[in-house]
Amino acid sequence: MTTAVIILAVVAAGLLLLFIKRTQDVKNIKNQIAQRTQELENYKTQYKDIIDVDKAFTTRNDELKKINQIIDTLKADHDKQKEKLNQDFIGKRSIYDNLLKEISILEENLENISYGLYNPHYDYKTSEEFKQNLEKIRDRQKLIIKDGKETFCPVKYIDGGSKTEGEKMTKHYSKLMLRAFNGECDAVIARVSWNNIANMEARIEKAYEAINKLGSTHQTTVTKEYYDLKVEELRLEFELQEKLYQEKEEQRKIREQMREEEKAQREIEKARNDAEEEEERYQKALEQAQAEINKTTGKELDTLNERIKQLEENLEKAHEQKERAISRAQLTKSGHVYIISNIGSFGDHVYKIGMTRRLEPRDRINELGDASVPFDFDVHGLIYSENAPELENILHKRLEDRRINLVNVRAEFFNVTVNEIEKIVNESNLSIQLTKIAEAKEFRETQSIRDTKKKQATQQAEKEIEKALDKFPTTLD
């Protein structure tokens, strides 16, 4: 065997070994690939949902882009619609507010009324003066109508070629407008009162504008001069009614004062008659005792002298009482100023300061608490004065800004403290010690009963809760 053949054989053997090795390597690689493929399949199966989402994401992303484009378009349309609606709302809101205003003018429910202060336009002292000036206003209206100045039309119309017929047409049209305006005004004036004066003025103004608007087709208007006179008539009628009310209240107060005066006079007259009778009785008893003194001796004389002394003292007291009653009857302004409170009815720091000429002022205070309030009044002070009305007036003026009712000055209730009242009284050179704490017996007893009932109800509720809780187990199994 030659060397070449040997080398060739060795090479062939080496190549065979290499081929076998490579074949084995390829087989191993195939096995690994198969194994990896199987693992990949396993992973695909295990994470199938995630892979599907990932695949879907790209598709969904494209869809989202399309959706976003649609949303942007819709949003732009929405913004346009919103702007249009806002503009419509502003316009409709204005119409709505105007309608509400017109409705509030026509309606007179207390809930819809604005209670603004009315500033009087006239200062007549009596209702008669108001009536006289009301008639003057109405006479001026008649004069304006007579002069043809109640309406105005700048156009000279021709009807059927006739100026006369045109003037007649204009005159008829003016009468219709005037009748409509007067009808509205008369209805308003007839219903004016303290709680609708502002609305009634607005109603006349609204009628004036509406009727003139209707008359614009004929270029005819109710004149401002005639409108102003109607407003004046409304205000005069309103203030006349207010004055009549004040006069009525004043008459009521005067009648009440007269009744008080009559009661006081009857009390004074009775006190004087009782004192005179008592004086006469003691005088007779004294004369009889003095007549018996010469017939009596010893201990009986001493007893009789004691009796005479006692009768003389009683006679003197009866005489003094009679003189006081006579003096009181002559002093027409003498009386008591009382300071009272009623916590249960009006609360703390509210006092009534009034005046009575009764001999027993508490009778008047008891009358005040009989039926008008749920609890009795407590008396903080009674001040006797020979000029009780003047003292009462001083106190009322000093406490003017403390009045509970600023409209009716005859309501004598004030939001003030006892110390402030006492200071004013002392400054008037009247020394008095006022009772500063109100007993308010019935009110405080009522509060106590309420508190007791509330406490009992609370205790009963707590017992019911305890009974309910006892039905449940306190531990869990």
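A short reminder: the numbers here are calculations on the coordinates, not readings from a lab. No experiment lies behind these values; they were computed from the predicted model shown. Because the Cβ atoms are built from the backbone with ideal geometry, glycine has one as well, and the counts that use them run over all protein chains shown.
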*How do VAL379, VAL425 rank when sorted from fewest to most other Cβ atoms within 10 Å of their own Cβ?*
VAL379, VAL425
_Inter-site label distance for ALA76 and LYS454 at 7 Å from Cα along Cβ, in nm_ = 6.7 nm
*Rank these for me by crowding, MET355, MET169, going from fewest to most other beta carbons within 10 Å.*
MET169, MET355
*In nm, what is the difference between 0.36 nm times the number of residues separating LEU244 and VAL373 and their Cα-Cα distance?*
43.6 nm
*Out of the range 394-454, which GluC sites (Glu not before Pro) are coil in DSSP terms and have no more than 15 other C-beta atoms within 10 Å?*
GLU439
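Arrange the peptides 196-205, 32-41, 127-136 so that the one whose residues have, on average, the most other Cβ atoms within 10 Å appears first. If you can, show how the numbers build up before the last one.
On the way: 196-205: 18.9, 32-41: 10.2, 127-136: 14.7.
Top to bottom by mean Cβ count within 10 Å: 196-205, 127-136, 32-41.
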*FRET efficiency for ASN305 and GLU269, Cβ-Cβ distance as r, R0 = 51 Å, nearest 0.05?*
0.90
*What is the fewest-to-most order of ARG266, ARG140 by other Cβ atoms lying within 10 Å of their Cβ?*
ARG266, ARG140
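From the square roots a ≥ b ≥ c of the eigenvalues of the alpha-carbon gyration tensor of the range 385-442, which class results: rounded (a/c under 1.5), prolate (a/b over b/c), or oblate?
On the way: a/c = 1.70, a/b = 1.03, b/c = 1.65.
Oblate.
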